1. Going through the cross-link list LYS99/LYS134; LYS185/LYS595; LYS827/LYS864, which pairs have a Cα-Cα distance over 25 Å in this structure?
2. Across the range 213-340, what fraction of all alpha-carbon pairs, as a whole percent, falls in each successive 5 Å bin from zero upward?
3. May I ask for the net charge around CYS498, where only other residues with Cβ less than 10 Å from the Cβ of CYS498 are counted and Lys, Arg are +1 while Asp, Glu are -1?
4. So what is the calculated 222 nm ellipticity per residue for the chain, using -39500 (n - 2.57) for each DSSP H run with n of 4 or more, over all residues, to the nearest 500 deg cm²/dmol?
5. Just want the ordering: HIS355, HIS325, from fewest to most Cβ atoms lying within 10 Å of their own Cβ.
6. Which FRET efficiency value, to the nearest 0.05, do you get for ARG686 and GLU357 by plugging their Cβ-Cβ distance into 1/(1 + (r/R0)^6) with R0 = 60 Å?
7. Which length gain, in nm to one decimal place, applies between PHE322 and ALA701 when the Cα-Cα distance is subtracted from 0.36 nm times their residue separation?
8. Which whole-number value in Å³ per residue fits the convex hull of the alpha carbons of the chain?
Amino acid sequence: MNDKYAPSEIEAAARQYWNSRDAYRVGEDQSKPKFYACSMLPYPSGKLHMGHVRNYTINDMLTRQLRMKGYNVLMPMGWDAFGLPAENAAMKNKVPPAKWTYENIAYMKSQMQAMGLAIDWSREIATCTPEYYKWNQWLFLKMLEAGIAERRTQVVNWDPVDQTVLANEQVVDGKGWRSGAVVEKREIPGYYLNITKYADELLSAVANPEDKSYLSGWPERVRLMQENWIGKSEGVRFAFPHEIKGADGALIQDGKLYVFTTRADTIMGVTFCAVAPEHPLASHAAASQPELAAFIEECKRGGTTEAELATQEKKGQRTGLFVTHPLTGAQVEVWVGNYVLMSYGDGAVMGVPAHDERDFAFAKKYGIEIKQVIAVDGATFSLDAWAEWYGDKLKAVCVNSGELDGLGHKAAVSKVAELVGAKGLGEKKTTWRLRDWGISRQRYWGTPIPIIHCDDCGSVPVPAKDLPVVLPEECIPDGSGNPLNKHAGFLNVGCPSCGKPAKRETDTMDTFVDSSWYFMRYCDAQNGEAMVGEGSQYWMPMDQYIGGIEHAILHLLYARFWTKVMRDLKLISFDEPFKNLLTQGMVLKGAFSHKPADAGKNYYWEHEVNVQTNEHGQVIGGTLKTDGTPLEYEMTTMSKSKNNGVDPQELINQYGADTARLFVMFASPPEQTLEWNDAGVEGAHRFLKRVWGFGAKHAAAIQAAGTDFAALSGEGKALRREVHMVLKQVSYDYERMQYNTVVSGGMKLLNALEGFKAAGQDAAVREGFSVLLRVLYPACPHIAHTLWQELGFAAELGDLLDAPWPAVDEAALVQDEIELMLQVNGKLRGAIKVPAAADKAAIEAAALASEDFAKFSEGKAPKKVIIVPGRLVNLVV
């Protein structure tokens, strides 16, 4: 074999070997325990980044090691290929999104193959292919039949210049990202999926350990994020009566302004009500108040999500309208607030400035009365600044609240519900933060919604026999709206019901639809007759899901919802899609930046910088090589935009895929952030050179060695003991997916082998190196496979891909002789070796006979002998 480690040659040959045998294709083998391990599928943006490398290597290590343990393991891969980035790239490059997407898929697939991942490519899917999105359309129609999908209006961001709907991320400072036009809020029809129907079930599995579907294999952090997003709230929904009439002379909303609150105990502190800009009362008031109408238009140019509203400045304006407090009869002024969403609850909130931090700030800003109605023993209320206890519902009691005075939170809420109920104005109610999922997108590159609009028949579902509704792939978006509206071949169609000329729906589905079930399609990727089949029955639910924490809410929630819908439609028989979830940490790297006074941050590549370090060699800053501009240094997420990315392909070209894989596994536990370190990469490469060098140097001895361990000397037995001790720990670390310590174990094994100098002990060396190769193989498959073949292990144990995982030999862990620390008067003075089975008398005799005792006891006999079994002997003189 070659004396020098040549990763490019070794890795190419190994991949060719695996490809020629179709080594990673798996089927539904009932004779083995199954394990389905899946990484979240990537968006084909153009190139892999180091976060991809880390994610897929975690999956690959799990897959390879479990296969060695006798499992039938599935590791598939696909592409989340629809979406806005492809449209943006199409406009920039003037090419169809399809061309850009498929070229990116081809390149990124070649990068994955260069990494040596054990992917079953026969199951590859791309969500932009008709073979895949046909089933999005099919299930959507099934949901429509079942009443889970329905058509209603939705508020969207409308760019009046580009004549298109914009995603929230395309609205920058209230303006369209391309045109710069002030964005409008418009209500247009769209399709919704009734995820709220499943709110209780979705919540129970993340919040209730008693539930049979409780996701105990998920991180607590993710369960909590889902629980908060679903947001079950128990409180009181009640009305503020009013006499406000619309233009038609009828009371607006039957003369009742409804609100929902979890803090009904603060009802006596209401000093205003705020309604959403779209609320009927706001519209009524704006009809006669130009200033208010202008404010409402300004609000409509703001955010549409709760997250956006939470961060923007809270603004309001009086309407001049008043409603009646349901318990006191007092008149309460109505305001329009830019922080109130019409889509949440009733589009109105009660304002209790004394006991809600947002209302407190709002009231201070606009001079609204603040009335204390909650007190805590020993605490003094002040109008000067907000204090946390003002909102406390656990220690607080009602004050200044009439018959509620002295009541705690629970009792007061119940009393309020009783009082408003007696007036026919409200009741206790449970509400949810979760809202139905609007899937209509006024964009081109997505799954066509299978609906045909007929002037006579209305909205008509496309018959199942006519699916898929194929998206034309030749369109090039130009920013002037959805190109499907101008594509006559797509748009014009006969009505399925009456046959008259009709128009196809041009909205496409939210791309979260694509990623809500792709993991099931992997199981039946070639099934053209059914969405899921026998493959899903065998492989699902998934045993291990791996992906970023950024997908902890929406993607996982939608996937769980989609699974429950499929279950209720009798397509599958399980409740939850993912048994276990690992959210891998981000990859971080230092970045250099400068922030001019009148602009955002500018980032610079390290080669553009004179790097400054402190006395410990740590980077603390730098200056631009061109003009000496001082630069800030920070450890931040690796990305192209921050000029601190590392191209995996360049790393593979320089060091090999095994080095890249080894470093990302060794540098940090999988679930924690990883700080990139060029020296660490070089260290990983040096380690692999040492592994190769050891194998080359001892090739002849290893190939000739037998397995007669009984003939080993003390040194050989000691080596075997160390090898099996490390193996025991590594096997445990594999079970808990602590792959950084797995790599550490491999390093310990190599150190032990390199430090072993005894002659005639080749059986121990051979066994130790075979264990090392199997320990390292899941992380560094190319080098391990090649050495395994070259050194003859394959002839004995078979191909490393399916070689048995080494078993710990408990007999090897038994020591014939042990070493005990020797202390004299409590101070460490040396060590003694005794038989492992020696009793206290034998240990004492050995200690008294030792040279160290003679040297430090000054000829005195011991007054006391203290023996700590397996650790030390202390002789007190």
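We did not get these values from a lab; they are worked out from the coordinates using the rules stated. Bear in mind that the values here come from a model prediction, so they are computed numbers and not experimental data. Cβ placement follows ideal geometry from the backbone for every residue including glycine, while neighbour counts extend to all protein chains displayed.
1. From the list (LYS99/LYS134; LYS185/LYS595; LYS827/LYS864), the Cα-Cα distance tops 25 Å for LYS185/LYS595.
2. 2, 9, 16, 17, 17, 14, 10, 5, 4, 3, 2, 0
3. Summing Lys/Arg as +1 and Asp/Glu as -1 gives -1.
4. Roughly -10500 deg cm²/dmol at 222 nm, from the helical runs in the chain.
5. HIS325, HIS355
6. 0.60
7. Gain in length upon complete extension: 127.0 nm.
8. Once divided by residue count, the hull of the chain is 258 Å³.
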